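> Handing you this structure, nothing more for now.
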Amino acid sequence: MRDAEIDVDPGTAKSEVVEFLYMNLELGYEPAEIAAELDMSQETATALLKELYRVDYAGRTENGYYHGLWSQAPLRRYTSSVKQVKRMFDQPDDVQNPPDYDPESIDEAALEAELAELEEELR
């Protein structure tokens, strides 16, 4: 569920910049650094950072470094949620089953019987 307090859509360039800034709250970055890290043009990074600064989603130092804001709890939660979802779905696709595993050999009747037995124990 998306936090109603923030206007960031997952999967967008804006979201990538927010995620980057809020996963590295202790550091500040120049637009060129963010562009290089996120593989986007410097113009895109600069425009997004200016917009994030304008809406108080990012801070900016006097020497032009942008950073996440500790005071923005909704954005910290958003970043944490996105990170969890990515971790969940970024599992390797090449997980190996044991060599003797045959999905066709599963005895559905035995599983149903075991499930019924476990449910009876819970009652």
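The values are calculated or read from the model by the stated rules, or taken from the named source; none is laboratory data. Quick caveat: nothing in here was measured; it's all calculated off a predicted structure. Because the Cβ atoms are built from the backbone with ideal geometry, glycine has one as well, and the counts that use them run over all protein chains shown. To get the accessible areas, we keep the full protein, side chains included, count just its heavy atoms, and leave off ligands, DNA and RNA. Shrake-Rupley method; radii C 1.70, N 1.55, O 1.52, S 1.80 Å.
> In the stretch 1-22, which residues are in a loop (DSSP other than H, G, I, E, B) and of a type outside the set (Lys, Arg)?
Applying the first criterion (in a loop (DSSP other than H, G, I, E, B)) to the stretch 1-22 yields 1-12.
Result: Met1, Asp3, Ala4, Glu5, Ile6, Asp7, Val8, Asp9, Pro10, Gly11, Thr12.
> For the stretch 33-54, state whether one or more residues are in contact with a strand residue (DSSP E or B) (Cβ under 9 Å, 6 or more places away or on another chain) and basic (Lys, Arg).
Within the stretch 33-54, one or more residues are in contact with a strand residue (DSSP E or B) (Cβ under 9 Å, 6 or more places away or on another chain) and basic (Lys, Arg).
> How many residues does the stretch 56-93 hold that are loosely packed, with under 15 Cβ neighbours inside 10 Å, under 16 Å from Glu19 (Cα atoms) and β-branched (Val, Ile, Thr)?
Qualifying residue count for the region: 1.
> For Met40, are the conditions met, namely being open to solvent by less than 70 Å² (accessible area, probe 1.4 Å) and either modelled with pLDDT under 95 or farther than 18 Å from Gln84 by Cα (or both)?
Values: open to solvent by less than 70 Å² (accessible area, probe 1.4 Å): yes; either modelled with pLDDT under 95 or farther than 18 Å from Gln84 by Cα (or both): yes.
For Met40, the condition - open to solvent by less than 70 Å² (accessible area, probe 1.4 Å) and either modelled with pLDDT under 95 or farther than 18 Å from Gln84 by Cα (or both) - is met.
> When you check Leu25 against the structure, is it without any contact (Cβ under 8 Å) to a residue 60 or more places away in the chain, open to solvent by less than 50 Å² (accessible area, probe 1.4 Å), touching an Asp or Glu at 6+ places or on another chain (Cβ under 8 Å) and not in a helix (DSSP H, G or I), yes or no?
On the way: without any contact (Cβ under 8 Å) to a residue 60 or more places away in the chain: yes; open to solvent by less than 50 Å² (accessible area, probe 1.4 Å): yes; touching an Asp or Glu at 6+ places or on another chain (Cβ under 8 Å): no; not in a helix (DSSP H, G or I): yes.
For Leu25, the condition - without any contact (Cβ under 8 Å) to a residue 60 or more places away in the chain, open to solvent by less than 50 Å² (accessible area, probe 1.4 Å), touching an Asp or Glu at 6+ places or on another chain (Cβ under 8 Å) and not in a helix (DSSP H, G or I) - is not met.
> For the stretch 43-52, give me each residue that is within 18 Å of Met23 (Cβ to Cβ) and either surrounded by fewer than 14 Cβ atoms within 10 Å (Cβ to Cβ) or in contact with a Phe, Trp or Tyr (Cβ under 6 Å, 6 or more places away or on another chain) (or both). Let's see the steps before the verdict.
At the first step, the residues of the stretch 43-52 found to be within 18 Å of Met23 (Cβ to Cβ) are 45, 48-49, 52.
Within the stretch 43-52, Leu49 is the sole residue that qualifies.
> Next question, about the same structure. Being part of a helix (DSSP H, G or I) and touching a helix residue (DSSP H, G or I) at 6+ places or on another chain (Cβ under 6 Å) is the requirement here; does Leu75 meet it?
Values: part of a helix (DSSP H, G or I): yes; touching a helix residue (DSSP H, G or I) at 6+ places or on another chain (Cβ under 6 Å): yes.
Yes: the conditions hold for Leu75.
> Of all residues in the stretch 29-58 being outside any helix (DSSP H, G or I) and free of Cβ contacts under 8 Å to residues at least 12 places away in the same chain, which is nearest to the chain's Cα centre (by Cα)?
First, the residues of the stretch 29-58 that are outside any helix (DSSP H, G or I): 29-30, 39-41, 55-58.
So of that shortlist, the ones also free of Cβ contacts under 8 Å to residues at least 12 places away in the same chain come out as 39, 41.
Working: Asp39: 17, Ser41: 22 Å.
By that ranking, first place goes to Asp39.
> Of all residues being free of Cβ contacts under 8 Å to residues at least 24 places away in the same chain and farther than 10 Å from Gly68 by Cβ in the stretch 3-22, which is surrounded by the most Cβ atoms within 10 Å (Cβ to Cβ)? Just the residue, please.
Filtering the stretch 3-22 down to residues free of Cβ contacts under 8 Å to residues at least 24 places away in the same chain leaves 4, 9, 11-12, 20.
With farther than 10 Å from Gly68 by Cβ added as a condition, the list becomes 4, 9, 11-12.
Values: Ala4: 7, Asp9: 9, Gly11: 8, Thr12: 11.
If we take residues in the stretch 3-22 being free of Cβ contacts under 8 Å to residues at least 24 places away in the same chain and farther than 10 Å from Gly68 by Cβ, then Thr12 is surrounded by the most Cβ atoms within 10 Å (Cβ to Cβ).
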